[in-house]
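What follows is a single structure, written as structure tokens, with notes after it.
The values are calculated or read from the model by the stated rules, or taken from the named source; none is laboratory data. For clarity, every value in this text was computed on a predicted model and none was experimentally measured. Every residue, glycine as well, gets a Cβ built from its backbone with ideal geometry; the counts of neighbours run over all protein chains shown.
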Amino acid sequence: MQEFIKNLPKLAKDKHNENKKFFAKLKSKPPKNLDYVMQDLHDAEFKKTDCLECANCCKTTGPLFTDKDVERIAKHFKMKTQQFINQYLHIDEDNDYVLQSVPCTFLGADNYCSIYEVRPKACREFPHTDRKKFQQISNLTIKNVAICPAAYNIVEEMKKRIKL
Ligand code: SF4
Ligand code: SF4
């Protein structure tokens, strides 16, 4: 797994043009059963990929924090919302709350998330490969294959399974 993660940016770069073409076609003519296919590919991949052996998303990118996320996590720490923001977050160029630094401050050395039960929605949903109308997040997915080994494998399987 570690070797795969290390090579992922290069592997993703090599597939970039192929993936762009595939997702452009997918967007213009998504198959009717796309939601079903994605759920199937997502479930099959996460049966064999253990996020606890990876945590590359937590180490390299970190999530956006919605207002609800901020309120919930601040409450978990018994902190005032503003105090939590000041201590852990900053506002990025898109005006979203993000972590002040990566790896995520809530990630343990054992790759466990110390706020797992109350973690941000974006963490729960990453890499979004079981999302409905998956073709709508093509650009994000093309970026995520360079970070997430599971997303990389899922996109490779998609290209085999979905003939456009
Ligand atoms: S979601 Fe992807 S990048 Fe994050 S820990 Fe799981 S396999 Fe790794
Ligand atoms: S909050 Fe938890 S799941 Fe989200 S990036 Fe941090 S360690 Fe990972």
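Would you mind telling me which numbered condition in (1) of a type outside the set (S, T, N, Q); (2) away from ligand 1 (no atom under 16 Å from the Cβ); (3) buried (at least 16 other Cβ atoms within 10 Å of the Cβ) residue 51 fails?
(2)
Results for (1) within 16 Å of ligand 1 (Cβ to nearest atom); (2) in a loop (DSSP other than H, G, I, E, B); (3) crowded, with 17+ Cβ neighbours inside 10 Å, shown as yes or no for each residue.
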| site | (1), (2), (3) |
| --- | --- |
| 45 | yes, no, yes |
| 59 | yes, no, no |
| 71 | no, no, no |
| 78 | no, yes, no |
| 83 | no, no, no |
| 90 | no, no, no |
| 95 | no, yes, no |
| 98 | no, no, yes |
| 105 | no, yes, no |
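Is there any pair with a first residue in segment 11-31 that is within 16 Å of residue 137 (Cβ to Cβ) and a second that is basic (Lys, Arg) and part of a helix (DSSP H, G or I) whose Cβ atoms are under 6 Å apart and which are 6 or more apart or on different chains, and what are they?
Filtered contacts from segment 11-31: 22/159.
Residues checked against (1) crowded, with 20+ Cβ neighbours inside 10 Å; (2) among the charged types (D, E, K, R); (3) in contact (Cβ under 8 Å) with a residue 24 or more places away in the chain; (4) outside the structural domain of residue 44 (by TED's automatic domain parsing):
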residue: 118; (1), (2), (3), (4): no, no, yes, yes
residue: 131; (1), (2), (3), (4): no, yes, yes, no
residue: 134; (1), (2), (3), (4): yes, no, yes, no
residue: 142; (1), (2), (3), (4): no, no, yes, no
residue: 146; (1), (2), (3), (4): no, no, yes, no
residue: 149; (1), (2), (3), (4): yes, no, yes, no
residue: 154; (1), (2), (3), (4): yes, no, yes, no
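Restricting to segment 57-102, name every residue that is polar (S, T, N, Q) and touching a residue at least 40 places away in the same chain (Cβ under 8 Å).
Looking only at segment 57-102, we keep the residues that are polar (S, T, N, Q), and these are 60-61, 66, 81-83, 86-87, 95, 100-101.
Passing the criteria: 60, 61, 66.
Of the conditions (1) under 19 Å from residue 62 (Cα atoms); (2) more than 14 Å from ligand 1 (Cβ to nearest atom); (3) of a type outside the set (Asp, Glu); (4) touching a Pro at 6+ places or on another chain (Cβ under 6 Å), residue 144 satisfies every one except a single condition; which number is it?
Exception for residue 144: condition (2).
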